[in-house]
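First the structure, in the form of structure tokens, and then the observations on it.
The values are calculated or read from the model by the stated rules, or taken from the named source; none is laboratory data. Remember, it's a predicted structure, so these values are computed and weren't measured experimentally. Cβ coordinates were reconstructed from backbone atoms using ideal geometry, including for glycine residues, and neighbour counts include every protein chain displayed. Ligands, DNA and RNA are stripped out before the accessible areas are found, and what is left, the full protein with its side chains, is counted by its heavy atoms. Shrake-Rupley method; radii C 1.70, N 1.55, O 1.52, S 1.80 Å.
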Amino acid sequence: SDAQSKSSTAMLASAAKSSRRQQIYNNSVTVDQVKVFDTARDSIHADRQTALDDLSTSTGGFLIANTNDFRAPFRKLSEDIETYYQLAYAPRITEYDGRFRSIAVKVKRVKRADARVQTRSG
């Protein structure tokens, strides 16, 4: 949510401010400065919903959040399950180095006007 994102950003800004203050003034270390890395780490974890949304959409899914009305999301889920086809791609490589390889899926002709193609980027 927007509030989680603002909270996460504020925590990260606080950590950066403490770090800058220590570098500029070279004073004795404050409690905030000791916790600068913990605060930075916590700021990343504070916004879990955005991370889950990014993960779900980048893998072809969607996030159901901040609602008590699950009718529309479950309807979409049901439609996806009932009309699901899967294609797999195996690259012709000789060395499995773990690198990400971008791909694109293009459809030449669709017999149904309401057909949709949902893919990942690699």
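Return the distance in nm (one decimal) between the two label points of a simple spin-label model at Q49 and A16, each offset 7 Å from Cα along Cα→Cβ.
With each label point 7 Å from Cα toward Cβ, the separation is 2.3 nm.
Counting only the heavy atoms of the protein chains, how much of D114 is accessible to a 1.4 Å probe, in Å² to the nearest 10?
Only protein atoms counted, so the area is about 100 Å².
Apply 1/(1 + (r/R0)^6) to the Cβ-Cβ distance of T119 and S78, taking R0 = 35 Å, and write down the FRET efficiency to the nearest 0.05. Don't skip to the answer; put the middle values down first.
Values: r = 21 Å, r/R0 = 0.60.
So, using R0 = 35 Å, E works out to roughly 0.95.
Heavy atoms only, 1.4 Å probe, whole protein assembly: order V105, V36 by accessible area, highest first. Present the calculation step by step, with values, prior to reporting the outcome.
Working: V105 75, V36 20 Å².
Reading off the accessible areas and sorting them downward yields V105, V36.
So how long is each side of region 69-118 along the principal axes, counting just the alpha-carbon atoms, biggest first, in Å?
Its Cα atoms span 47, 31, 15 Å along the three principal axes.
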